[in-house]
1. Relative contact order for the chain: what is it in percent, counting Cα pairs under 8 Å that are at least 6 residues apart?
2. By how many degrees, 0 to 90 and rounded to 10, does the Cα axis of helix 4-17 deviate from the longest principal axis of the chain?
3. Please list the radius of gyration and Dmax for the chain, considering alpha-carbon atoms only, with Å as the unit.
4. With angles folded into 0 to 90 degrees, how steeply does helix 239-250 sit against the dominant principal axis of the chain? Use alpha carbons for both and round to 10.
5. Mind checking the dipole of the chain: about its Cα centre, +1 per Lys or Arg Cβ, -1 per Asp or Glu Cβ, Debye to the nearest 20?
6. Give 135/160; 81/211; 49/222; 97/211; 79/135; 97/216 a once-over and call out the pairs whose C-alpha atoms are over 19 Å from each other.
7. I need to check one value: relative contact order of segment 125-201, counting alpha carbon pairs closer than 8 Å and at least 6 residues apart, in percent.
8. Any idea what the relative contact order of segment 1-142 is, in percent, if you count C-alpha pairs under 8 Å spaced at least 6 apart?
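Bear in mind these aren't lab numbers, they're just calculated from the coordinates by the rules spelled out. Everything quoted here is computed from the prediction, not taken from an experiment. Because the Cβ atoms are built from the backbone with ideal geometry, glycine has one as well, and the counts that use them run over all protein chains shown.
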Amino acid sequence: MMTDMDAIEQLAAWLGEATRGVVFTGAGMSTESGIADFRSPGGVWSRHKPVMYDDFLYSREERKRYWRMRLELYKEFEKAKPNAGHFAIAKLEAAGKVAGVITQNIDGLHQDAGSRRVIELHGTARQMACVHCGKEWPPDWILEQVRAGDEAPECDQCGKPIKARTVLFGQPMPQGPMDEATALASEADVCLSLGSSLVVEPAAGFPRFAKFSGAKLIIINKTETPLDAMADLVIREGIGDTLSAVMERLGL
Ligand SMILES: [Zn+2]
């Protein structure tokens with residue numbers, strides 16, 4: 001059996017040789033920054049039924065529920081800062097080891113840490129827009145309206161609902177990011193899957209696709225995943241701690 005030290009040495013060796021690695025991140029990446037996993041006990045979805053996209057479009061009651069949940073979410077987002085894992089990934093990109101990040105997260109913390117190529121499969125919480133005409137607003141301004149009593153804000157240009165630019169249940173994944181993520185995964189020499197339980201399809205298909213395309217697959221996650229058996233290395237420790245140790249070995 002591999003000790004933790006052996007695992008870190010091995011990961012450092014693979015990343016040392018990598019020139020087009022891809023990093024795939026899930027909710028566990030951001031829990032180290034204080035953002036609760038929506039799906040975990042205590043997360044937003046353990047307390048509220050998610051709002052489906054069609055219901056959002058056609059029901060004002062569902063939109064009101066959506067915004068009440070958003071207020072809870074943004075309380076966490078406002079306080080969150082990138083953690084050691086986010087900074088390590090940005091440095092690996094700057095050093096030419098990693099070509100880009102594919103993320104299921106909507107919090108923008110990879111960009112805050114300095115990552116340049118970030119593919120957001122589920123969109124971003126950092127923009128809000130009219131679902132019809134696309135007019136945009138800064139999130140803070142819209143949240144202020146909601147807090148002030150506008151329970152389901154509508155566009156001042158066309159009257160249609162305003163929504164964060166994130167992907168709701170029942171809403172198709174954005175094609176552009178899906179295509180870009182597929183290209184990145186197919187070319188990868190190393191794929192790091194960080195903080196994802198790898199059960200949400202189609203997003204979780206990218207690490208599998210990278211592995212089938214010839215990449216070494218390394219999974220860092222606190223719990224088991226369906227891809228553990230095909231991975232080249234599985235680490236059950238924290239992401240920040242593990243990557244900090246790896247960066248030290250790499251001299252980065
Ligand atoms: Zn509009």
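1. 24 percent
2. 80 degrees
3. Cα radius of gyration and Dmax of the chain are 18.9, 62 Å respectively.
4. Relative to the chain, helix 239-250 is tipped by roughly 40 degrees.
5. Roughly 480 debye for the chain.
6. Pairs exceeding the cut-off: 81/211; 49/222; 79/135.
7. Details: 63 pairs, mean separation 20.6, N = 77.
Normalised by residue count, the contact order of segment 125-201 is 27 percent.
8. Answer for segment 1-142 is 24 percent.
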